[in-house]
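None of the figures in this text is laboratory data; all of them are computed from the coordinates on show. Being a predicted model, the structure only gives us computed values, none of them experimental. Because the Cβ atoms are built from the backbone with ideal geometry, glycine has one as well, and the counts that use them run over all protein chains shown.
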Amino acid sequence: FHLREDKKPDPDLPAALVALVNNDKPDILATAYAQSAPDYAKASPFEALLQDDPNDGRFIPPMGKGDHAWLQNPLPASVFSKPEQACLAKGIYFEARSEPVRGQAAVAQVILNRVRNPAYPKTICGVVYQNDDWFNRCQFSFACDGRKKTIT
């Protein structure tokens, strides 16, 4: 027999992210796009060996009936940079800080969907701060309401 060992969270991960990942309940947000059966055309061992991945390993949610074609656009690799992640965090914080995790995830999903959509800017910062110079007429109210923003 082995003694049970609780996994220690990675000290580099923010506490909020650790709470999402290391919980004892099924995470609906993480499993929302899980396939019910393997897609052997996408999960081919040959593709894994040859690294023939047109999406560069970036996740693309499966399209449902009636979905827009732009949903199949992969997020650009630049969205994983520190400045882009900071813009995403600020967008989530200032738009949904009093919401439960699902509300915050919904704001994040809106931002990321807009990055994929050709009608919006191609960066997270571009989406979050689009039209920030228009008083109270921008995409996210915190960006153009004229108030000083402080993260508490």
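As a calculated quantity, the FRET efficiency between Phe80 and Lys149 at R0 = 22 Å, using C-beta atoms, amounts to about 0.40. Counting Lys and Arg as +1 and Asp and Glu as -1 over every other residue whose Cβ lies under 13 Å from the Cβ of Gly103, the net charge comes to 0.
Compared with the alpha-carbon gap, the fully stretched path from Tyr93 to Phe135 is longer by 13.1 nm at 0.36 nm per residue.
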